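Single-structure report; data block below.
We did not get these values from a lab; they are worked out from the coordinates using the rules stated. Quick caveat: nothing in here was measured; it's all calculated off a predicted structure. Positions of Cβ are generated from backbone atoms using ideal geometry, with glycine treated the same way; all protein chains shown enter the neighbour counts.
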Amino acid sequence: MTFDELGLEPKILQAVTESGYTTPTPIQIAAIPEALKGRDILGIAQTGTGKTAGFTLPMIQRLARGRAKARMPRSLVLAPTRELAAQVSENFEKYGKYHKLSMALLIGGVSFGDQDAKLTRGVDVLVATPGRLLDHFERGRLLLSGIEVMVVDEADRMLDMGFIPDIERIFKLTPMKRQTLFFSATMPPEIQRLTDTFLKDPVRIEVAKQATTAETITQRIVRIPGKDDKLKRSALRQLLEMDGVRNGILFCNRKSTVDVVTKSLQKHGLNARPIHGDLAQAFRTETLNKFRSGDIKFLVASDVAARGLDIPDVSHVFNYDVPFHSEDYVHRIGRTGRAGREGEAFMLVTPQDTKALDAILKTIGRKEIEELELSGLDEKVQSTAKKTPPRRHETTTRPQDNEERRPRGKKSSPVKSATTPKAQKSKDEPIVGLGDHVPAFLTRT
Ligand code: AMP
């Protein structure tokens, strides 16, 4: 099958050829002809399947005819994170280079003024995160009654982030006769309800089994014989210094851990930079660009910031923490081994992570993941045990970071309130005036 057989017009085929793609991916083969007919699509697909081109190509063809009016965009793509929204807009630029479509990207961390000026001129394609879109709408700067095509990308991640009420509201602000292209890696009941309500007789396209891990990725775990963070960081450094590690994304469960790990790596002379939702957008964009170009070797990341990032050439993924949700493991390691390349994924596992590891094994349908033994970890644990007295309030349940989630109408994350013991919270709050070395008794409640 070639792209010419999908019903795309010559200017789009030209842009696709110039991107270097010759064969459409399964989701493109299934989605593009149906989307060109104007059908609604329900795509059950992860990132890495080529789904973005699966919706951008037919949208460009449809939008080529007609003109945008001021403040009334003709199409809307909703993405859960700023990075993903930026990636979608890059796709429109790449494949739409022979069309004169205007586009605006509405994401947080960027000035309202510039975004507003674009909306006033009129845009064919609006790519947005739900929160920022509604902010513009509430200021009266935007009308959604001219939307002809609406795309919801990574709907299950929107659910995790508390965006579903926003998405419902946005659906209701758009005309009933719109075309809807809806993508999700999994179909939990809340997402099913949404698609039952807002999609009209959709073509259902399922391209990969839920939560499958690419065959091109070699996975290994490293057992850490204690829960000492210094030990984990030392094991991490050993892994980063192995032969064949060209670059890597290092995942931590919490933003504070991202900062601590980055600082520690930098102190040890490693070329690392952090990315998470509390960092300024300009810094995040610069970090990603530098990582893509090879100026930065290691990206230390939180899940939300790294979700769906398309960096084609990542040799390694390191899970500094075992993720709280087993599906996140699949997404994390999916950052390597992309586009048929070989990739390796390592995960540090402490005795407290046994349950989370079992959940991951179940998700990926394996009995075990091969173990790699690092030298000297046992001796290190003995020497640190002598130095540090055990902390009485150390806990094995770790609170989940809220990242850049902004659940509207929800007062607090149920996960956070249910699992955050008070002692843990106070441990995270800096104690002013003592520098890095806070005596253990001061961190106790
Ligand atoms: P996505 O699932 O949309 O995030 O795409 C994953 C990666 O596949 C991106 O780097 C795309 O540029 C790339 N890609 C998209 N379509 C094709 C294709 N037909 N052939 C090869 N690579 C593709």
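Please list, ordered by residue number, the strands (runs of 3 or more DSSP E) wholly in segment 74-131 having 3 or more residues that are touching a residue at least 60 places away in the same chain (Cβ under 8 Å) and within 26 Å of Ala15 (Cβ to Cβ). If you could, list the steps in order and put the result at the bottom.
On the way: elements: 75-78, 103-106, 125-128.
The qualifying strands (runs of 3 or more DSSP E) are 75-78.
Scanning segment 8-24 for residues that are under 16 Å from Leu36 (Cα atoms) and surrounded by 15 or more Cβ atoms within 10 Å (Cβ to Cβ), which turns out nearest to the ligand (Cβ to nearest atom)? Filtering first and then ranking leaves Pro24.
Consider Lys232 carefully, then state whether it is among the charged types (D, E, K, R) and buried (at least 18 other Cβ atoms within 10 Å of the Cβ). So Lys232 fits the description; yes. Among the residues making up segment 36-58, a single one is more than 11 Å from the ligand (Cβ to nearest atom), assigned to a helix (DSSP H, G or I) and in contact with a Leu (Cβ under 6 Å, 6 or more places away or on another chain): Pro58. State yes or no: is Arg220 within 14 Å of Met347 (Cβ to Cβ) and loosely packed, with under 14 Cβ neighbours inside 10 Å? Yes.
Would you confirm whether or not segment 160-167 contains a residue that is surrounded by fewer than 18 Cβ atoms within 10 Å (Cβ to Cβ) and among the aliphatic types (A, V, I, L, M)? Looking through segment 160-167, none of the residues is surrounded by fewer than 18 Cβ atoms within 10 Å (Cβ to Cβ) and among the aliphatic types (A, V, I, L, M).
Residues in segment 2-12 that are part of a helix (DSSP H, G or I) and either farther than 18 Å from Ala30 by Cβ or of a type in the set (S, T, N, Q) (or both): Pro10, Lys11. Restricting attention to segment 25-40, which residues are under 22 Å from the mean Cα position of the chain (by Cα) and crowded, with 20+ Cβ neighbours inside 10 Å? Hits for segment 25-40 are Ile27, Gln28.
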